[in-house]
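Structure first, then comments.
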Amino acid sequence: MPELTYREAVRDALRKALREDERVFLMGEDIAEMGGSMAVTQGLLEEFGPQRVRNTPISEMAIVGSGIGAAIQGMRPVVEIMYEDFLTLSMEQLVNQAAKHRTMSGGQVRVPLTVRTQGGAGWSPGAQHAQQLEAWFVHVPGLKVVFASTPEDVRGLLWSSIYDDNPVLFFEHRTLYPIKGEVPEELEPIPLGKARVHREGEDVTVVATGRLVHEALRAAEEAERDGVSVEVVDPRTLLPLDEETIIASVRKTTRCVTAHEAVTRGGFGAELAAVIQHGAFDWLDAPIERVGAKFAPLPFAPVMEQYVVPHAEDVYEAIRRTVARG
Amino acid sequence: MSTEATAKATTLDRDHGLRLLREMLRIRRFEERAAEQYSLAKIRGFLHLYIGEEAVAVGVMQALTPNDAVVATYREHGHALARGLPASSLMAEMFGKASGCSRGRGGSMHFFDVSRRFYGGYAIVGGGLPIAVGLALADAMQGRRRVSACFFGEGAVAEGEFHESLNLAALWKLPVLFLCENNLYAMGTPIVQELAVTDIAARARSYGIPAHAVDGMDVLEVEAAARRAADEVRETGEPRFLELRTYRFRAHSMADPDLYRTKEEIERWKRRDPIVLFEERLRAAELISDGDLEELEAAVAAELDEAIAFADAAPIEPVEDLLKDVTTPRSP
């Protein structure tokens, strides 16, 4: 199997869709000549030209809104919002328009729009360039929300997002772009709404997203040395959520930790905990532990930033707490 | 009245005159009946009446073909009727019935009819503008020569979406016809308390978009300006902008006590009632008679009686269907 970085895997899905389908086009800030602030779209302008790889003004509402209009009209636009933080500037179009069109038109309109964005701490970008805001969108009926953690997943899920007939918020993590992973020779679409069990275990389930999937896998190895067998599940799609896989895992292990980089309070872990306690209440042997960032805007100071966001040790400690309940 | 419009009025033929009058009258009477149905609690939620502004929607629609797209506001009953959506499907929509144009899921502010390329009433001020730009973008990319007509109020001019949309449409040369209905009040706030520059066409020109201000109470002037602008959009593939100066005779919504304007101001504007003005002009040109008017009124009343009867009798979607169409099932 060939190996791609997470960044190359995103680009690979975009390139294949652009090659095969005239309806697909990209737009976003600095995605053309510059190749995107994260270099994801490098080389695509050269291959597909400025009509299909469109640099936009710094106008997040117009980027998303014109994407909605083009999608309604039969295109499959993939728009890039450079940083998740900038999604705040397009919230009107995402929440009031993209999410509502299907319902308020009585099912006449479809909005096959993909909104790619990225965020994540670990490189001291400060308070306005690294937030993890995915949970906000899980609260909005009419949207789909994807957060991929590996090269294989990001490629297969992006493909499915482009070909989903609904608006999809597609989250990538800044620090995952350079990681390498094996991918199938040919792109294999990964259906939205299907979780991935990264590692099977018997004692504790860690449900993790984004960067924390990798932290959870490290924590699981550490716990293994203590004789604690950890299962790591990545929902991959937060909306719709593969509740079945997650609940089945917790019923087996009887303990659960949720883990994401976003702040814990009101985070996706809260939704997971609610789903799990309802679906596996009689199986649980310990309260569900939540791992996430401390409740503070991201500070710039590197030491402080590292203190705020969760790491493998935090997941490990949470695992220890659940098994300590006996 | 401009000399140009006068000239056009003198050459106006009876059929077209009757057609414009009928369309404006349909809107006026539809809105009056809607207000009645609201007071009977058959219509709930919001109701924003278009009374006073009829010449804008009717004049503009003359310039559009069935292939063009329309994006409207939350005060869009007039646009929808003038676009050809059946009064019955609109009334049923406002009654929350499954036979409504948006299957009862949209309501007064969200009329949709994709078969007539009517892409919505939008209840967020300015929210439709970027979407109209996107419709036009798809047309430009797919090589179709057609117009995306986008209505919005002058209140939207203060929104960021207005500026982002005009800039993008001008920058990318997209076939959008921007139609600003300037009725002088953003809900209850007069334009002078809202816009630092009240010459709205000038703001559009600042983005490099050719723009004109038009007397929105004169249906012929609106039609003439809209035809010129729409033709230019079609020929050049580039945006055009019209500021249509109008006035709403009724309050912003059914819940608005209308405390922010004087009775004298409203009466002054009512002397420029677009329907009365046009009717007088047709009479002066001896194109219509009293009998024509009676016939028109009777036909409109019959249509609206039928629309209300249809809406009354229309089925309600079962609540079990709620999750249908929250998302779109994947296409095969």
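Quick look at the numbers
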{"item": "Lone qualifier among B:Ile275, B:Ile288 - being aliphatic (A, V, I, L, M), within 28 Å of B:Phe178 (Cα to Cα) and not in a strand (DSSP E or B)", "result": "B:Ile275"}
{"item": "Residue satisfying all of: in the stretch A:52-98; of a type in the set (S, T, N, Q) and touching a helix residue (DSSP H, G or I) at 6+ places or on another chain (Cβ under 7 Å); farthest from A:Met38 (Cα to Cα) among these", "result": "A:Gln73"}
{"item": "Every residue from the stretch A:107-120 that is crowded, with 24+ Cβ neighbours inside 10 Å and part of a loop (DSSP other than H, G, I, E, B)", "result": "A:Val111, A:Pro112, A:Leu113, A:Gly120"}
{"item": "All positions within the stretch B:313-332 that are in a loop (DSSP other than H, G, I, E, B) and either within 13 Å of another protein chain (Cβ to nearest Cβ) or hydrophobic (A, V, I, L, M, F, W, C) (or both)", "result": "B:Ala314, B:Ile316, B:Glu317, B:Leu322, B:Leu323, B:Asp325, B:Val326, B:Thr328, B:Pro329, B:Arg330, B:Ser331, B:Pro332"}
{"item": "Count of the stretch A:199-244 residues which are under 27 Å from A:Gly142 (Cα atoms) and either touching a Pro at 6+ places or on another chain (Cβ under 6 Å) or surrounded by 18 or more Cβ atoms within 10 Å (Cβ to Cβ) (or both)", "result": "16"}
{"item": "Complete set of residues in the stretch B:304-324 that are under 27 Å from the mean Cα position of the chain (by Cα) and crowded, with 16+ Cβ neighbours inside 10 Å", "result": "B:Leu304, B:Ala307, B:Ile308, B:Phe310, B:Ala311, B:Ala314"}
{"item": "Residue check for A:Ala98: within 14 Å of chain B (Cβ to nearest Cβ) and modelled with pLDDT of 95 or more", "result": "yes"}
{"item": "Number of the exception - B:His110 against (1) more than 7 Å from chain A (Cβ to nearest Cβ); (2) free of Cβ contacts under 8 Å to residues at least 60 places away in the same chain; (3) touching a helix residue (DSSP H, G or I) at 6+ places or on another chain (Cβ under 7 Å)", "result": "(1)"}
{"item": "Selected residue (criterion: farthest from the other protein chains (Cβ to nearest Cβ)) from residues of the stretch B:128-155 that are farther than 20 Å from B:Val56 by Cα and assigned to a loop (DSSP other than H, G, I, E, B)", "result": "B:Arg145"}
{"item": "Any hit, the stretch A:310-317, residues being assigned to a helix (DSSP H, G or I), farther than 26 Å from A:Val138 by Cα and either β-branched (Val, Ile, Thr) or without any contact (Cβ under 8 Å) to a residue 60 or more places away in the chain (or both)", "result": "yes"}
{"item": "Residue, farthest from the other protein chains (Cβ to nearest Cβ), within the stretch B:47-105, restricted to residues that are assigned to a helix (DSSP H, G or I) and among the hydroxyl-bearing types (Ser, Thr, Tyr)", "result": "B:Ser88"}
{"item": "The stretch A:64-89: number of residues that are at the interface with chain B (Cβ under 9 Å from one of its Cβ atoms) and touching an Asp or Glu at 6+ places or on another chain (Cβ under 8 Å)", "result": "3"}
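The values are calculated or read from the model by the stated rules, or taken from the named source; none is laboratory data. Nothing here was measured: the structure is a model prediction, and the numbers come from that model. Positions of Cβ are generated from backbone atoms using ideal geometry, with glycine treated the same way; all protein chains shown enter the neighbour counts.
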